[in-house]
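Taking it in order: structure first as structure tokens, then the write-up.
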Amino acid sequence: MYTAIIQKATEYSQMVPAKLLDSQRHAGPDRLGRYYTKADIGRLLIDQMSGLTPSRLLDLGAGGGSLSGAAIKHWSNIELLTVDIDERSLPHLSRLFHGCESLKHSHIRADALSQRLPQLIHSRFGHIDTAVCNPPFITPKWRKGFAMILEEAGFSGCMPVLSDVDAAVLFLAQNLRLLSTRATLGIILPDSLISAAKYRQFRKELLRRYCIHRAIRLPRGSFSNTDALAHIVILSKGSETATVPLQKLTNDRTLAPALHVGIDDAAERLDFDYHAHKVVAPRSQNVQVSLGSLTEELWRGSLSRTQGRLAEVPVLHTSDIRPSDAGKWCDLSDFGDFRKQLRGTTQVQYAEPGDILVARVGRNLERKVIGVSAGFPLITDCVYRLKVPEKFRDSVLSQLSNTNGQAWLASRAYGVGAKQLTKVDLLTFPLFL
Ligand SMILES: C[S@@+](CC[C@H](N)C(=O)[O-])C[C@H]1O[C@@H](n2cnc3c(N)ncnc32)[C@H](O)[C@@H]1O
């Protein structure tokens, strides 16, 4: 029975638009975003849904079946429906499910973002009460039908740029269109949707319209061929809850105890690390102020690294800041002094003695905070130059670069690939004076 249903299902392959594959931006080398979920992460996602008793489960973008495979191990009697645009998905799934005689499985080779998918699925398969999904890490070229998908899920008014929507939002919205009332979805979402300020409105809408049962921050390395940062989110149709449990899976695969945050805080970020980090005052009599309240100037360099190379001038980049120098005042005279040449121009900026340099972008940006003791280096746009009154300089440099400060910066940095730290976040750094 298993094989017969799969072969019949290939008839839907006409739902794959011929030009689709050339019309999208992808974050990594794979244009279909085929970064498969590692087996333990698939199991963790299903464990989070273990209280459910589903009868029909949908996996949009099923790929090699990491999530479906974990699901059928847990719920042996479910009916499974997988969808993928990639013709290689079906052979993978057939191999994975080989021998599962009692499994009722149907596979559709189709574009999961087709407007017509819900009609097709509902007419052939009826209601879907549970879904799992790890969307491709790509940004598909905008198509008219996407507006309807977003609209029906309630997300059309909260996207920063409607025509530049991450596939994760579209897959999330399409799942929500497809699921029956009170159905549950376990989905993997990129860190940008969970943490970026530009998606705050999206998170607000998500939390207002749906019930978020849990969000779990995953360690890098949770997917094959990428070290993208992502989170598991379990949600269902139904009203909002008062608090959202946030968790984190550590590198050694331990699940940290849940932190319950209010809805407004969850809209700020759905990230465990962000809320878990509280800076403790070194002494009880210390007064806490924000870095922003002391800052005289904060800007980032104006040259890209490539521009610096083309101009054949040394420009200080994040890679020039050694983690071993964190918290030190450094002599940067080796980067030259171009003040004379730059007189009269405000377009190219340089740092000067007394400034504090903070990496804005990078995997370990929190370990790259130094002071300038000498020199006037040009800096790239990946580095912030911070100026505070002289009497606070030592204290600010030390607090930004000590263990507590590094943990705080790491908790504020976000990004699917290289992390970044926004100016707004940096200015909220808590200082104790
Ligand atoms: C990140 S992989 C996830 C695969 C699998 N669910 C897992 O967790 O390992 C994304 C999957 O989406 C599929 N995909 C990409 N664009 C699609 C589209 N428009 N319609 C259907 N599937 C798509 C890719 O072929 C790939 O298998």
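The values are calculated or read from the model by the stated rules, or taken from the named source; none is laboratory data. Bear in mind the structure is a predicted one, so any value in this text is a computation, not a measurement. Here Cβ is always computed from backbone atoms with ideal geometry, including for glycine, and neighbour counts include all displayed protein chains. Calculation scope for accessible area: heavy atoms of the full protein, side chains included, ligands and nucleic acids excluded. Shrake-Rupley method; radii C 1.70, N 1.55, O 1.52, S 1.80 Å.
Under the condition of being open to solvent by 40 Å² or more (accessible area, probe 1.4 Å) and not small (G, A, S), the residues counted in the stretch 251-276 number 11.
Among the residues of the stretch 228-247, which ones are assigned to a loop (DSSP other than H, G, I, E, B) and either touching a residue at least 60 places away in the same chain (Cβ under 8 Å) or assigned by TED's automatic domain parsing to the domain that holds Q420 (or both)? Spell out the reasoning first.
Residues of the stretch 228-247 assigned to a loop (DSSP other than H, G, I, E, B): 228-229, 238-242.
Residues satisfying the conditions are A228, L229.
Return yes when I212 is within 18 Å of Q420 (Cβ to Cβ) and β-branched (V, I, T) and no when it is not.
Answer is no for this residue.
Within the stretch 177-223, the set of residues being charged (D, E, K, R) and assigned to a strand (DSSP E or B) comprises R182, R214, R217. Of the residues making up the stretch 73-107, those that are of a type in the set (V, I, T), open to solvent by less than 10 Å² (accessible area, probe 1.4 Å) and at pLDDT 95 or above are T82, V83. Within the stretch 109-135, residues that are part of a helix (DSSP H, G or I) have Cβ atoms under 6 Å from residues that are open to solvent by 10 Å² or more (accessible area, probe 1.4 Å) in these pairs: P118/R177, counting only partners at least 6 apart in sequence or on another chain. Only a single criterion out of (1) within 21 Å of A71 (Cα to Cα); (2) among the small types (G, A, S); (3) open to solvent by 30 Å² or more (accessible area, probe 1.4 Å); (4) touching a helix residue (DSSP H, G or I) at 6+ places or on another chain (Cβ under 6 Å) is not satisfied by S156, namely (1).
In this entry, A173 is excluded by the filter for residues that are in a loop (DSSP other than H, G, I, E, B), crowded, with 17+ Cβ neighbours inside 10 Å and small (G, A, S).
Determine, yes or no, whether A71 is within 13 Å of the ligand (Cβ to nearest atom), within 26 Å of the chain's Cα centre (by Cα) and part of a helix (DSSP H, G or I). Criteria met by A71.
Residues in the stretch 136-150 that are part of a helix (DSSP H, G or I) and open to solvent by 30 Å² or more (accessible area, probe 1.4 Å): K144, A147, M148. For the stretch 74-89, enumerate the residues that are of a type outside the set (S, T, N, Q), touching a residue at least 24 places away in the same chain (Cβ under 8 Å) and either away from the ligand (no atom under 11 Å from the Cβ) or farther than 17 Å from A112 by Cα (or both). Across the stretch 74-89, the qualifying residues are H74, I78, E79, L80, L81.
Return the residues of the stretch 394-421 that are of a type outside the set (A, V, I, L, M) and surrounded by fewer than 16 Cβ atoms within 10 Å (Cβ to Cβ); say none if nothing qualifies. If you could, list the steps in order and put the result at the bottom.
In the first step, residues of the stretch 394-421 are kept if they are of a type outside the set (A, V, I, L, M); the result is 394-395, 398-399, 401-406, 408, 411-412, 414-415, 417, 419-420.
Result: D394, S395, S398, N402, T403.
Which ones in the stretch 360-389 are part of a helix (DSSP H, G or I) and closer than 24 Å to V348 by Cα?
Going residue by residue through the stretch 360-389, those that are part of a helix (DSSP H, G or I) are 365-367.
Across the stretch 360-389, the qualifying residue is only L365.
Which one is surrounded by the fewest Cβ atoms within 10 Å (Cβ to Cβ), of the residues in the stretch 310-339 that are of a type in the set (D, E, K, R) and touching a strand residue (DSSP E or B) at 6+ places or on another chain (Cβ under 8 Å)? Once the filter is applied, the top-ranked residue is R339.
I370 meets the conditions (1) free of Cβ contacts under 8 Å to residues at least 60 places away in the same chain; (2) open to solvent by 30 Å² or more (accessible area, probe 1.4 Å) in every case but one. The failed one is (2). When the stretch 113-138 is filtered for residues that are within 19 Å of I232 (Cβ to Cβ) and near the ligand (Cβ under 9 Å from one of its atoms), the ones remaining, listed by number, are V132, C133, N134, P135, P136, F137.
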